[in-house]
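Chemist: Dumping the structure here so I can ask a few things about it.
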Amino acid sequence: DADAGKVRLLDRTLWGKRELFVRTAPSFTPNPALYRGLRYQPPQPTELTKKHGGIVRDFVRQAKQRGIKVYLQVQAAIPPGYRVQFGGPNPDDIPRLPDGKVPRRRLANNGSLASPHIISYHCALLKDLANAYPEVDGFRVDWPEYPPYFLDDAFLDFNDAVRPLAARFDISFERMREHTLRFYRLLHGGLTSAMLRDRTRFSLLQWMTEYPGVIDLLRCKALLMENLLRAFREALPPDKELMPNAFPPPLSLLSGMDFARAAPYSSAVSVKLYTMHWPMMLRFWGEQLKLANPNVPETDITGALEYWLELSGMPGIGTRKVADHRYPEPEEPHPVSDAAMADKIRAARQASPKVPIIALAHGYGPLPDFRRRVKIAYDAAGRKVWVNRYGYLSNAKLDAIGALGS
């Protein structure tokens, strides 16, 4: 988490420790025939695989015997896809900015959703896992979108692989690139206090009428996401569920996660309420805009970001500086209002009435704040919630989850 993860202590000890370093290996032996001729290849088994690889299969079997549904989670666009921030795309498959460059800073090491090499590899991975673990109920795919942790992430993707797909979508790639580049340059040196203090939705719509190619980019990313999920759905056996993880509204517009387009291929969509990330994202975006627009007061920049991205919901919009937004320490409550969380889940449900929206809460943080956040997630999603990261779930937090259904 942009270096923040290095100081996060676990609530539940693992092997008797609250912090530890682990070595990993594949838990199964991949089927080479599924990957023949592909650009990306799966990691090969090691001695750890031979010695401990059966643990995952035993866990799945015992969970199923107890009536628990089991899903495997993989990355949607980061070969080899086993776990987050491990591996990554070849240079040809990296998402690009409208000027053709790679963003200077990225948190998610995703490849371009348009890359046929990315798609074919991850389809092969899903087939391989479905064969290796036939008892599982389905697969959760993480980041089948363009995660907008940094400002530059919102201006992807102009990888060459997008061009033919944009034409198929009846989108002018050149207009999309030209208008997006102009808008990008406006944000990097052309902002004024007056522009940022006028935070009405009318003013935002006025901006967009000057750059219709930016709207094309948002639509193109949504169609790339749909194309990816369609391929995943076709790769999986019919009895296996497909459940994408998603950024919440309004960030979903920037990431390409169109909930209605995802619905035909998904048994449900998990919307992330990873509230420790939200102040971090406000800081990342604010730092870049502050550097590019040194004559604009910080409070105008942060106020506009707080309003447009809807990541805080805290009182006093326009009074905070960039440095006031930071990743919360393990004992600190997350600086996000109840309404900011609930509104995002409601917006996702409205956008996709035909498939369940499940809130995805995070276990990180102090018990009282965790209890608040998981209750809001559960209620807003209609009594459905996933909770991420077992290592942050103390017995008291498990009790808080259990109390939700009472």
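Bear in mind that the values in this text are calculations on the coordinates, not laboratory data. What you see is a predicted model, and the numbers here were worked out from it, not measured in a lab. Note: ideal-geometry Cβ built from the backbone for every residue, glycine included; neighbour counts use all protein chains shown.
Chemist: Going by average Cβ density within 10 Å per residue, which order do the peptides 195-203, 139-147 take, highest to lowest?
Modeler: 139-147, 195-203
Chemist: In whole angstrom, how far apart do the alpha carbon centroids of the range 1-79 and the range 179-221 sit?
Modeler: Computed from Cα coordinates, the inter-centre distance equals 42 Å.
Chemist: Follow-up question, since we're still on this one. Working out 0.36 nm times the residue gap between Ala403 and Trp15, then minus their Cα-Cα distance, what length gain in nm do you get to one decimal?
Modeler: 136.9 nm
Chemist: Ok, one more. In square nanometres and to one decimal, what's the mean projected area of the convex hull around the Cα atoms of the range 333-404? Don't skip to the end; give the middle numbers.
Modeler: On the way: hull surface 18.1 nm².
Directional mean of the projected Cα hull area for the range 333-404 stands at 4.5 nm².
Chemist: A follow-up question, please. Take each of the peptides 103-112, 154-163, 38-47, average the number of other beta-carbon atoms within 10 Å over its residues, and list them starting from the highest. Show your work: numbers first, answer last.
Modeler: Details: 103-112: 19.1, 154-163: 22.4, 38-47: 15.1.
Peptide ranking by packing, descending: 154-163, 103-112, 38-47.
Chemist: Highest GNM mean-square fluctuation, the chain, Cα pairs closer than 10 Å: which of Ser252, Ser115, Ser27?
Modeler: Fluctuation is largest for Ser27.
Chemist: Can you return the lysines within cross-link range of Lys69? Criterion is Cα-Cα under 24 Å, with same-chain partners fewer than 8 residues away left out.
Modeler: Output for Lys69: Lys127, Lys240, Lys272, Lys354, Lys375, Lys384, Lys397.
Chemist: Express in nm, to one decimal, how much length is gained between Arg36 and Asp239 on full extension, taking 0.36 nm for each residue of separation and deducting their alpha carbon distance.
Modeler: Numbers: separation 203, 0.36 × 203 = 73.08 nm, distance 2.56 nm.
Stretched out fully, the Arg36 to Asp239 stretch lengthens by 70.5 nm.
Chemist: Pick out, in residue order, every one of the trypsin sites (Lys or Arg not before Pro) in the range 249-313 that is DSSP loop and has at most 14 other C-beta atoms within 10 Å; say none if there are none.
Modeler: Numbers: sites: Arg261, Lys272, Arg283, Lys290; in loops: none.
Passing both the DSSP loop test and the Cβ count: no residue.
Chemist: Given H placed 1.01 Å from N in the peptide plane, which residues other than close sequence neighbours of Arg83 have an amide H under 5 Å from its amide H?
Modeler: Placed amide hydrogens put Gln75 under 5 Å from Arg83.
Chemist: Please report the Cα spread of the range 68-222 along all three principal axes, rounded to whole Å, starting with the longest.
Modeler: Principal axes ranked by extent give 58, 34, 28 Å for the Cα atoms.
Chemist: Picking from Ala25, Ala222, Ala260, which is most flexible by a Gaussian network model of the chain using Cα springs under 10 Å?
Modeler: Maximum among the listed residues: Ala25.
Chemist: OK, next. Could you work out the mean projected area of the convex hull around the alpha carbons of the range 94-147, in square nanometres to one decimal?
Modeler: Values: hull surface 18.2 nm².
Computing the convex hull of the Cα atoms and averaging its projections yields 4.5 nm².
Chemist: Moving on to the next point. When the dipole is taken about the Cα centre of the chain, and only Lys, Arg (+1) and Asp, Glu (-1) are charged at their Cβ, what size is it in debye, to the nearest 20?
Modeler: 860
Chemist: Normalised radius of gyration for the range 198-290, please: alpha carbon Rg relative to 2.2 N^0.38 Å, two decimal places.
Modeler: 1.32
Chemist: Across the range 382-388, in residue order, what do the Karplus-derived ³J(HN,Hα) couplings come to in whole Hz, using 6.51 cos²θ - 1.76 cosθ + 1.60 with θ = phi - 60° and x for Gly and Pro?
Modeler: Per residue, the Karplus-derived 3J(HN,Hα) values read x, 6, 9, 8, 9, 10, 8 Hz.
Chemist: Averaged across orientations, what area in nm² does the convex hull of the alpha carbons in the range 1-84 project?
Modeler: Average projection, Cα convex hull of the range 1-84: 8.1 nm².
Chemist: Taking the chain as a Gaussian network, where each spring joins two C-alpha atoms under 10 Å apart, which residue of Ile78, Ile118, Ile171 fluctuates the most?
Modeler: Per the Cα network of the chain with a 10 Å cutoff, Ile171 tops the list.
Chemist: When all C-alpha to C-alpha distances in the range 43-133 are sorted into bins of 10 Å, what percent of pairs does each bin hold, rounded to whole numbers?
Modeler: For the range 43-133, the pair-distance distribution reads 14, 37, 29, 15, 5, 0.
Chemist: Which listed residue (Gly318, Met257, Phe232) has the Cα farthest towards the positive end of the charge dipole for the range 217-370, taking +1 on Lys and Arg C-beta and -1 on Asp and Glu C-beta about the Cα centre?
Modeler: Value computed over the given set: Phe232.
Chemist: Once a ≥ b ≥ c are taken as the square roots of the eigenvalues of the Cα gyration tensor of the range 121-165, is the result rounded (a/c under 1.5), prolate (a/b larger than b/c) or oblate (a/b not larger than b/c)? Write out the running numbers ahead of the final one.
Modeler: Numbers: a/c = 4.77, a/b = 2.00, b/c = 2.38.
It comes out oblate by the Cα gyration axes.
Chemist: Separate question: Report D for the range 276-406 in µm² per second (integer): Stokes-Einstein, Kirkwood Rh on Cα pairs, 20 °C, 1.002 mPa s.
Modeler: On the way: Rh = 15.9 Å.
After rounding, the answer is 134 µm²/s.
Chemist: Also, I was wondering about something else. Given 0.36 nm per residue, what is the gain on full extension from Leu367 to Thr209 after removing their alpha carbon distance, in nm?
Modeler: Fully extending the segment from Leu367 to Thr209 adds 52.3 nm.
Chemist: Ignoring solvent entirely, what values of log10 I(q)/I(0) come out of the Debye formula for the chain at 0.07, 0.12, 0.14 Å⁻¹ when each Cα is a single scatterer?
Modeler: After summing over all Cα pairs, the log10 values are -0.33, -1.03, -1.42.
Chemist: In whole angstrom, and with the biggest value first, how far do the Cα coordinates of the range 215-347 range along each principal axis?
Modeler: The Cα atoms of the range 215-347 stretch 54, 36, 23 Å along the principal axes, largest first.
Chemist: Shape verdict for the range 151-257, please, from the Cα gyration tensor: rounded (a/c under 1.5), prolate (a/b greater than b/c) or oblate. Show your work: numbers first, answer last.
Modeler: Numbers: a/c = 2.88, a/b = 1.77, b/c = 1.63.
The shape class here is prolate.
Chemist: Right, another one. Using a simple spin-label model with points 7 Å from Cα along the Cα→Cβ vector, what separation in nm is obtained for Asn131 and Thr46?
Modeler: Between Asn131 and Thr46, the label points sit 2.5 nm apart.
Chemist: Please give the FRET efficiency for Ala339 paired with Arg163, using the beta carbon to beta carbon distance and R0 = 56 Å, rounded to the nearest 0.05.
Modeler: Numbers: r = 41 Å, r/R0 = 0.74.
Result of the calculation: an efficiency of 0.85.
Chemist: In whole Hz and in residue order, list the ³J(HN,Hα) couplings for the range 69-84 that follow from phi through the Karplus curve 6.51 cos²θ - 1.76 cosθ + 1.60, θ = phi - 60°; x for Gly and Pro.
Modeler: 6, 10, 10, 9, 10, 9, 6, 8, 8, 10, x, x, x, 6, 8, 5
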